[in-house]
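Rule-based calculations on the coordinates, nothing more; no lab input. Quick caveat: nothing in here was measured; it's all calculated off a predicted structure. Cβ: placed from backbone, ideal geometry, glycine included. Neighbour counts: every protein chain shown.
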């Protein structure tokens, strides 16, 4: 049996060398007549001690259990449910009288042809009901030869003056061209002239009153025209026309008189409007 060596001097275990050493120890003991159980107990103790000193990397790797013995996989993690979209407002079935009145009111205030989807959204009803209402409204105007007619233009609907009454409208407009502008029209025209291009809403804000009727008068007389839409608000942009310069005897807008001499003194404004 070999003598113990310090741990740092022990060589890695070779199982073949250990078996040969064990066999040689047994034979030597038999030749000396010393083959008793105590000797083998010492050999077993030496073997157990050396087996316990095996490096970690030499330790046997436990075998994986057979596939049929593995626990069944758990259920996959549940995916989060998508957020429910807000429910749209339910569509109403409008009374025929309410439907025709609503359509007529909307068509009266629009400046451009309006499509059925927009009308249905405003009335909170279906597009099919809007289509039926538009057909009924147009048929009613035609049956009684009303002064206006409802026609589809492109993808939208719009009210128009009936051709049978074109002469009456032309006479009115012709006389209106020779008439004098009201104070409200002159003020609106001045705002447009100095702030152009300007939206109708901006003109109303400056004057402090609605200008829809006045704007129609100025457009009808050819003094103002629309040149596009505001990129921020989408409202129409209005400018003066060459006829406006001709009526004032000007060749360009640069000849407009400066506003500063025409403005009242601040003290006067404060006296008239002490809350400003």
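Which of (1) free of Cβ contacts under 8 Å to residues at least 24 places away in the same chain; (2) under 22 Å from residue 235 (Cα atoms) is the odd one out, the single condition residue 108 does not satisfy?
Going through (1) free of Cβ contacts under 8 Å to residues at least 24 places away in the same chain; (2) under 22 Å from residue 235 (Cα atoms) one by one, residue 108 breaks only (1).
Within the stretch 137-157, take every residue that is in contact with a helix residue (DSSP H, G or I) (Cβ under 7 Å, 6 or more places away or on another chain) and assigned to a strand (DSSP E or B) and give me the one that is surrounded by the most Cβ atoms within 10 Å (Cβ to Cβ).
Once the filter is applied, the top-ranked residue is 157.
Among the numbered conditions (1) surrounded by fewer than 16 Cβ atoms within 10 Å (Cβ to Cβ); (2) touching a helix residue (DSSP H, G or I) at 6+ places or on another chain (Cβ under 9 Å), tell me where residue 200 comes up short.
For residue 200, the exception is condition (1).
Check the stretch 124-136 and report whether any residue there is part of a strand (DSSP E or B) and surrounded by 12 or more Cβ atoms within 10 Å (Cβ to Cβ).
No, there is no match, as no residue in the stretch 124-136 is part of a strand (DSSP E or B) and surrounded by 12 or more Cβ atoms within 10 Å (Cβ to Cβ).
Can you list the helices (runs of 4 or more DSSP H) lying wholly within the stretch 181-260 that have 1 or more residues being under 18 Å from residue 112 (Cβ atoms) and in contact (Cβ under 8 Å) with a residue 40 or more places away in the chain?
212-220
Filter the stretch 159-168 for residues that are out of contact with any helix residue (DSSP H, G or I) (no Cβ under 7 Å at 6 or more places or on another chain) and surrounded by 13 or more Cβ atoms within 10 Å (Cβ to Cβ); which is farthest from residue 95 (Cα to Cα)?
That would be 165.
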